[in-house]
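For reference, the structure is listed below as C-alpha cells.
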Amino acid sequence: MRLDTILEKILLQIDDVKKLSSISDALSTLKNAVEGRIRQSKLGKLPVPAIASFDNSELLTHSILQYQSPWQHMKITTVDIPGMISQEECRYYAYIGKFYSGRGALVELGPWLGRSTYFIVEGLKENPNFTDKKLHVIDDFVWRSSWMNDKVPPSEQLDDHQDFQFLFDRYSASFCNLLTVEKRRISLYDGNEAIPLLTWNGSPIEILYVDCGRTFDANQAWYEQFCHSFIPGKTLIILQDWGRHREVPVQWFNQIKQFIDSKAEELQLVHELRYGDIATFLFTGK
Ligand SMILES: C[S@@+](CC[C@H](N)C(=O)[O-])C[C@H]1O[C@@H](n2cnc3c(N)ncnc32)[C@H](O)[C@@H]1O
C-alpha cells in the first residue's frame, strides 16, 4: 500500500484539530527536508560556468545546504548596525564579493539600516574590480513599526510609515562613499504609495542582493524591472528570504519558492545556506 494511502487511513481516526495541525506541521517539515535533499542531489551536480574570484584563487562552486561551506571560515568584523541577518549570512555577504568581475552593476534591494550593506561592502572592498564602482542601494525607507521597532533601541523606534532614511545614513556614514542610495518603491507595500517607483537605466547588473519582501508580486516586480539587464552565465541573484519558504506552520506570504519555481528555466541554484535563509541563483538566460 502507498504511504499516502496509509496516512489517509490513520488521519480518518483522528478528529482533534491540535493533533491534526501538528501532523500537518511535521509533514511540512519533512517535505522541506526531502526537497532540500533533492536540490542537493540534483542541482549540486549541474556544471557551474567558470566564475573566478578576482585573484584567481577560487572558482565559484555549488554549495547547497552543506555543513561545510566555502564561506564558513570567512573572518568578519563586528559592527554596531541593527539588522535582521544571521552570522552565516554576514559571512556569506563578505565572501561572495570576491567573485565580482566589474562587468556589471552591483545592486542591493532592501538594506533597512545597512547591516547587510556593511557586509556586502566588506566583501567588495578588497576586490580591485570594485575600485571606482559603487553599490546601488534601493529602499522605500518607510518604517513599519510592527516588525521594525523591536529590532532597534527605544531611542530609534519610529512612528509607523515614518521616513527612516536618516537612520540608514547615520549607520552607513563610514562607508557611504561606496554607495549610491535611492529612495524607491519596488512594489506597492504598506505605506509606500507616495514613493516613486523603481526604474533602472538598463545597464548590465552583475550581482543583485535582494531583501525586500517574500510575496510573489514583490519579487516579480524587481524581476520585471531588471531581467533585461542580467548577463547570462554571469549575473548572481542573492535572495535573502529564500529560506523562509521552509517556515512551519506555512505562512501565506512566504511565496519566494513559487516565484523561483516560475523562473526555473532562467535561474540555476548555486548556493543555499544551512544556517541562514540566503540562496544564490545564477541567471542562465535560457
Ligand atoms: C527585512 S528588511 C531588510 C533587512 C536588511 N537587509 C538587514 O541586513 O537587516 C526589508 C527592507 O526592504 C524594504 N522594503 C520592503 N518592501 C519594499 C518595497 N516594496 N519597496 C521598497 N523597499 C521595500 C524595507 O523598507 C526594509 O528596509
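The numbers here are math on the coordinates, done by the rules we state, and not lab data. Model, not experiment: these values are computed from the prediction. Heads up, the Cβs are rebuilt from the backbone with ideal geometry, glycines too, and the neighbour counts pull from every protein chain shown.
Of note:
- Sparsely packed loop sites in region 10-118 (the GluC sites (Glu not before Pro) outside DSSP H, G, I, E and B with at most 14 other Cβ atoms within 10 Å) comprise Glu58.
- For region 1-58, pairs of C-alpha atoms spaced more than 17 angstrom apart make up 64 percent of the total.
- Among beta bridges that DSSP assigns inside region 179-286, antiparallel share in %, nearest 5: 60
- Debye intensity ratio in log₁₀ form over the Cα atoms of region 17-283, taken at each q of 0.11 Å⁻¹: -0.62
- Simple label model, 7 Å out from Cα along Cβ direction - Thr78 to Lys18, nm: 4.2
- Footprinting exposure proxy for His228, His161 (fewest neighbouring C-beta atoms within 10 Å first): His228, His161
- Between Thr61 and Lys45, the distance separating the two model label sites (each 7 Å from Cα on the Cα→Cβ line) works out to 1.8 nm.
- Extension gain (nm, one decimal) between Phe216 and His161, 0.36 nm per residue minus Cα-Cα: 17.5 nm
- Beta bridges from DSSP with both residues in the chain: antiparallel share about 35 percent, rounded to the nearest 5.
- Region 72-91 and region 160-234: distance between their alpha carbon centers, rounded to Å: 21
- For region 24-99, the list of trypsin sites (Lys or Arg not before Pro) that fall in a loop by DSSP and count at most 12 other C-beta atoms within 10 angstrom reads Lys45, Lys75.
- Helix 17-38 axis, angle to the chain major axis (alpha carbon atoms, nearest 10°): 60
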